[in-house]
Amino acid sequence: MLAERTADLQRLQAEYANYRKRVERDRIAVREQALANVLAALLPVLDDIGRAREHGELTGGFKSVGESLEGIAVKLGLTSFGESGDPFDPTLHEALMHSYSADVTEPTAVQILQPGYKVGERIIRPARVAVAEPADDLGGSSEGTLGGDGQNGDARPGAEGADDTGASGTSKE
């Protein structure tokens, strides 16, 4: 009888310990999701601050407000990623333009159109990039490559030298 009650008590203690662990894990997950949602809503504002800085329009009081906002976002764990020259990774990058280049040996992000952001390991927004693939004998002409102004006039579907591959990597032709 005593052994039976002891086993019941041990089982209840284990169930309670598991319950507390599960509640704590759920609380952390909800906090991370809420933080990611708030930071995702702030991304357009951070993009505007970055563009204003690039154009020399972030001055005076607006400069300190922008720097404060960026500092708070970093404190909350927001990090940006995506550099020109990074190997293209579809889990981290969203390809907005495509070209061929003799300067690369693998699909490479040659221009960052918008930086990507993540909190911890959770990607809030993929980096939006222009991708260049190695030029080959079949379609690797200089047509469709990025010009000095970063524009790709020949990247529209059906243009000579344009790539018509889908997300699966297979040709649509």
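Only the coordinates and a few stated rules stand behind these numbers; no lab work does. Bear in mind that the values here come from a model prediction, so they are computed numbers and not experimental data. Cβ sites come from the backbone with ideal geometry, for glycine too, and all protein chains shown count toward neighbours.
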What is the calculated FRET efficiency for Leu76 to Leu12, with r their C-beta to C-beta distance and R₀ = 35 Å, to the nearest 0.05?
-> 0.35
Extended-chain gain in nm, criterion 0.36 nm per residue less alpha-carbon gap, Ala3 and Glu106 = 30.4 nm
Under 5 Å, built H, 5+ apart or other chain: amide partners of Val131 = Leu96, Met97, His98, Ser99, Val110
Return the Cα extents of the stretch 1-97 along principal axes one, two and three, sorted largest first, each rounded to a whole Å.
-> 81, 37, 17
In whole Hz, what ³J(HN,Hα) sequence does the stretch 39-46 give by Karplus (6.51, -1.76, 1.60; θ = phi - 60°), x for Gly and Pro?
-> 5, 5, 5, 8, 4, x, 5, 5
Provide the net charge surrounding Arg25, with neighbours chosen by a C-beta distance below 14 Å and charges set as Lys +1, Arg +1, Asp -1, Glu -1.
-> +2
In order through the stretch 84-89: 3J(HN,Hα) via Karplus (6.51 cos²θ - 1.76 cosθ + 1.60), integer Hz, x for Gly, Pro | 4, x, 5, x, 5, 10
HN-Hα J couplings of the stretch 110-120 from phi, Karplus 6.51/-1.76/1.60, θ = phi - 60°, integer Hz, Gly and Pro as x?
-> 8, 8, 9, 7, 8, x, x, 9, 9, 10, x
For Ile124, list long-range residues whose amide hydrogen, built 1.01 Å from N in the peptide plane, is under 5 Å from its own amide hydrogen.
-> Tyr117, Lys118, Val119
Inter-site label distance for Arg53 and Asp89 at 7 Å from Cα along Cβ, in nm = 2.3
